[in-house]
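Just below is one structure, and these are the notes that go with it.
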Amino acid sequence: MANEGSAFGATLPQTREGVTLADAGFAALLLLVFVGLHPFEVRDSAALLHGADESGSGSVLRQASYLGVFALTGFAALHRGVRVWSAVPVSLLLLLGWCVASALWAGEPYVTLRRAALECVIVGSVFLGVMTLGAERALRIFYWVLAGVLIVNWLSIPLVPQAVHLAGEADPSLIGDWRGLYFHKNIAGAVCAISALVFFFAFMETRRWWDGVLFVGAVAFAAMTHSKTSLALLPVALVVGAVYRFAWGRVLDRQIVLVAALLIGFVAVVALASEWNALAHLLTDPEELSGRAAIWQAELRAIADNPLLGSGFGSFADTGGASPLRHYIGSAWIANISHGHSGYLQLLVTIGGVGFVLALWALVGWPFRRFLAADADDLNLKGLLFAVFVFVVFHNILESDYLESDAAAWVAFLLMLAMLKNIGRARV
């Protein structure tokens, strides 16, 4: 069984204050993200129109909720004497600063400022919460929130009709796919995949039977969502995270893993090169990849016309006629897209080449450098964090998670970054 100091104990570590204000603020943040204000929302035309808010005005209740959580988290951090100015890595602060600055050249500066401000609030809440609680305690709260969401999702299938995509969907291929309490099956699939990673590493540490059951339940629910990207990446992330956990503590094993990774990468490049014609057809045919190719073509044309600065943070989707793709859309349905189906292309469209470089360092380079450190401490936790890192980095090839406000996969990635920064740090 897990000892009391482990990240996956059955209960939270005892403190003199019991459950604290910091615990409450962090749990509230996770519930806002992973449950939301409108669980099981009906996907009728009104809901879809509400989800694609052309004005970019957003929800006052949603904004007020996150501001309230940020205030609570900030107060708890200050009360505990946390050095709040050092909570967020400098690389991420520079990226957020660039997002705010992009309002100077954005087509809709108010929308950019409002969305950048919300992004700063969410990032600040995550990093302050983890820094105040410590990585292990924060992970344990995250574990129980994910377990609760998974149980609710399973119970909802026989009890809540809209927990499954129903007839009348604009995209008939969605009908019958499970979505649980989430608005779309791809969100549910990503959350279940990340949950499976958490439960897998919990089982590796504790050997508790219920961690194994939760893992199987998360994988099974993910399978019923038919979220192809998440299902394809889940076993990859599991294997990579497990290899990291078992090999990174020994020099020889670490060197073998690095050599093997280089060989696998080389083979992958050769394989792609040998199938270049088929790949080129896949990427240029607008009907392929569920229409993603058409979106990518429009994005690439937008990037070519504004390569350095981009169109402004938050300007890509749900802005109606102000969308940067409005001049590059060849099909009417693309006007209603909610994201670019590639986090990397969407970064280039919105914050340009300068922002893209800042994002690559803050979101890929900085954490990867920390994972490469020859540190044998907390390998189970670091293995989990590396698995989440690999999952989201590759997930962004076909989906858009980076800097996506309170999107579940993005906040899970932020939690990974914050825990990586605070591994071994005791709660304040």
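Here is a yes/no grid of residues against (1) over 20 Å from the mean Cα position of the chain (by Cα); (2) among the aliphatic types (A, V, I, L, M):
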{"residue": "Gln63", "(1), (2)": "no, no"}
{"residue": "Phe70", "(1), (2)": "no, no"}
{"residue": "Trp85", "(1), (2)": "yes, no"}
{"residue": "Val88", "(1), (2)": "no, yes"}
{"residue": "Leu96", "(1), (2)": "no, yes"}
{"residue": "Val100", "(1), (2)": "yes, yes"}
{"residue": "Arg114", "(1), (2)": "yes, no"}
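Of the residues that sit in the stretch 368-384 and are in a helix (DSSP H, G or I) and touching a residue at least 60 places away in the same chain (Cβ under 8 Å), which one is surrounded by the most Cβ atoms within 10 Å (Cβ to Cβ)?
For the stretch 368-384, the residue satisfying everything is Leu384.
So, in the stretch 217-231, of the ones that are in contact with an Asp or Glu (Cβ under 9 Å, 6 or more places away or on another chain) and crowded, with 24+ Cβ neighbours inside 10 Å, which residue ends up nearest to His395 (Cα to Cα)?
Ser230
Please determine whether any residue of the stretch 397-420 is in contact with a helix residue (DSSP H, G or I) (Cβ under 6 Å, 6 or more places away or on another chain), over 29 Å from Gln63 (Cα atoms), modelled with pLDDT of 90 or more and crowded, with 17+ Cβ neighbours inside 10 Å.
The answer is no, given that none of the residues of the stretch 397-420 is in contact with a helix residue (DSSP H, G or I) (Cβ under 6 Å, 6 or more places away or on another chain), over 29 Å from Gln63 (Cα atoms), modelled with pLDDT of 90 or more and crowded, with 17+ Cβ neighbours inside 10 Å.
Please enumerate the residues belonging to the stretch 79-96 that are free of Cβ contacts under 8 Å to residues at least 24 places away in the same chain and more than 19 Å from Pro367 (Cβ to Cβ).
Residues satisfying the conditions are Arg83, Trp85.
If you check Val390 against the conditions, is it surrounded by fewer than 24 Cβ atoms within 10 Å (Cβ to Cβ), on the phi < 0 side of the Ramachandran plot and modelled with pLDDT of 95 or more?
Answer is yes for this residue.
So that you can scan it fast, the table gives a plain yes or no per residue for (1) among the hydroxyl-bearing types (Ser, Thr, Tyr); (2) modelled with pLDDT under 90; (3) surrounded by 15 or more Cβ atoms within 10 Å (Cβ to Cβ):
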residue	(1), (2), (3)
Arg16	no, yes, no
Val19	no, yes, no
Gly25	no, no, yes
Leu30	no, no, yes
Pro39	no, no, yes
Asp44	no, yes, no
Gly51	no, yes, yes
Gly56	no, yes, yes
Ser59	yes, yes, no
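Here is a check on your reading of the model: is Leu181 modelled with pLDDT of 95 or more, crowded, with 16+ Cβ neighbours inside 10 Å and either on the phi > 0 side of the Ramachandran plot or not in a helix (DSSP H, G or I) (or both)?
Yes; evaluated as a whole, the condition is true for this residue.
Could you tell me whether any residue of the stretch 151-165 is of a type outside the set (D, E, K, R), crowded, with 22+ Cβ neighbours inside 10 Å and under 30 Å from Asp23 (Cα atoms)?
Taking every residue of the stretch 151-165 in turn, at least one turns out to be of a type outside the set (D, E, K, R), crowded, with 22+ Cβ neighbours inside 10 Å and under 30 Å from Asp23 (Cα atoms).
A quick yes/no check of all residues on (1) without any contact (Cβ under 8 Å) to a residue 60 or more places away in the chain; (2) surrounded by fewer than 23 Cβ atoms within 10 Å (Cβ to Cβ); (3) in contact with a strand residue (DSSP E or B) (Cβ under 7 Å, 6 or more places away or on another chain):
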position	(1), (2), (3)
Val100	no, yes, no
Ala106	no, no, no
Leu113	yes, yes, no
Val121	yes, yes, no
Val126	no, no, no
Leu133	no, no, no
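When the residues of the stretch 191-216 are filtered to those that are part of a helix (DSSP H, G or I) and surrounded by fewer than 20 Cβ atoms within 10 Å (Cβ to Cβ), which remaining residue is farthest from the chain's Cα centre (by Cα)?
Filtering first and then ranking leaves Trp209.
The values are calculated or read from the model by the stated rules, or taken from the named source; none is laboratory data. Remember, it's a predicted structure, so these values are computed and weren't measured experimentally. Here the Cβ is made from the backbone with ideal geometry for all residues, glycine too, and neighbour counts use every protein chain on show.
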